[in-house]
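Report on the structure given below.
The values are calculated or read from the model by the stated rules, or taken from the named source; none is laboratory data. Model, not experiment: these values are computed from the prediction. Every residue, glycine among them, receives a Cβ derived from its backbone with ideal geometry; neighbour counts consider all protein chains shown. To get the accessible areas, we keep the full protein, side chains included, count just its heavy atoms, and leave off ligands, DNA and RNA. Shrake-Rupley method; radii C 1.70, N 1.55, O 1.52, S 1.80 Å.
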Amino acid sequence: MNSPVILITGAGKGIGKAVVEEIVKRKAEMGNPKLMLTSRTLSDLENLQAKVQDAGLTCDILPLDLANEPSKAIVHTIQKFGRLDQLIHSAGVGRFGEFLELTHEDLQFTMKTNVEAAFLLMQSAYAQMKNQKVTSTKLKSHHGDIVFITSVAAEKPFEHSSIYCMSKYAQRGLIDVMRRYGRKDGIRIIDVKPGAVLTPMWGENATPDLVPKMMMPEDIAQLIVGALLTHPRASVEEILVRPIAGDL
Ligand code: NAP
């Protein structure tokens, strides 16, 4: 197989960054992929690109706000590498607070990235994968993989998370629909639903009493890479993973 092309959104921090690091660790098993990394902060991407290139992998970066240019990452990946084999969509935002205190701006900000951009990104990635020539030597009907990091909040309500839960339930709706298409078109749609993971998303909410109870980004990254490495005749459709003591 030629080197697969993998696009990772939200690659600069947290779970997305850990996925890039895990891919680098397992680069031979992953087929020495070409990586396209995107998020908003250029310095995060430059630092990670240097590490990926030091490990001998081809890597390009694209700083962008998905909320404004949701499909640009796909277009850029195709321009640069000619195809897209795997999309790992980790970019996401969270605004948390008492229901009566959340604002219209909180709602619009969250929906723009978590729902609108997620839909348009899924649509562009899916179109590309469906129409491109299969290069997999393992299964000639395998067109690609799309991994979305949703959340346990995509299926379980949490107080202080009305907008976040709404956006994640919406992602789950999209994924469940797309899986019906994906089964016919040879595209694995993988829904990753973590509980609390210690990442910059938590900011000051990661208080010293909570930190020891949280998972680490590499825990999630290992599961994602494991799912991608599963033989393409099998699809790990959902990964639900919580801290050992349950949700916070
Ligand atoms: P994080 O540490 O805040 O990292 C998020 C990454 O996404 C950052 O690189 C950020 O870029 C990028 N990003 C956010 N909005 C973007 C936008 N509009 N355009 C482009 N890039 C954008 O978050 P995380 O904890 O790794 O979360 C990753 C995903 O997992 C999210 O979808 C989150 O909802 C989900 N999740 C997280 C947890 C948790 O406990 N941490 C649990 C379940 C699910 P910049 O930093 O440059 O802005």
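See the values below:
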| quantity | calculated |
| --- | --- |
| Once the Cα gyration tensor of region 51-93 is diagonalised, semi-axes √(5λ) in Å | 20, 14, 10 |
| Accessible area (Å², 1.4 Å probe, nearest 10) - E46 | 90 Å² |
| Accessible area per residue, Å², the chain with all protein chains present, probe 1.4 Å | 48 Å² |
| Computed E for R83/Q222 - FRET, C-beta separation, R0 41 angstrom, nearest 0.05 | 0.95 |
| Å³ per residue enclosed by the Cα convex hull of the chain | 119 Å³ |
| Mean Cβ neighbour count within 10 Å, used as a protection proxy, ranking 172-184, 14-26 highest first | 14-26, 172-184 |
| Contour excess over end-to-end distance, with Cα ends at H104 and D176 and 0.36 nm allotted per residue | 23.2 nm |
| Around G31: net Lys/Arg minus Asp/Glu count, Cβ-Cβ under 15 Å | +2 |
| Rounded percent of accessible protein surface that carbon and sulfur make up, the chain, 1.4 Å probe | 53 percent |
| Rg/Rg_ref, region 153-221, where Rg_ref = 2.2 N^0.38 Å and atoms are Cα | 1.36 |
| Simple label model, 7 Å out from Cα along Cβ direction - K72 to K184, nm | 3.4 nm |
| Positive minus negative residues near L48 (Lys, Arg vs Asp, Glu; Cβ under 15 Å) | 0 |
| Cα-projected label distance for L229 with K130, points at 7 Å along beta-carbon direction, nm | 3.2 nm |
| Average silhouette area of region 50-186, convex hull of alpha-carbon atoms, in square nanometres | 9.9 nm² |
| Heavy-atom accessible area ranking, 1.4 Å probe, most first, across L102, L45 | L102, L45 |
| Computed label-point distance, nm, for sites M201 and S141 using a 7 Å Cα→Cβ extension | 3.4 nm |
| Amide H contacts under 5 Å for L210, placed H, 5+ residues apart | none |
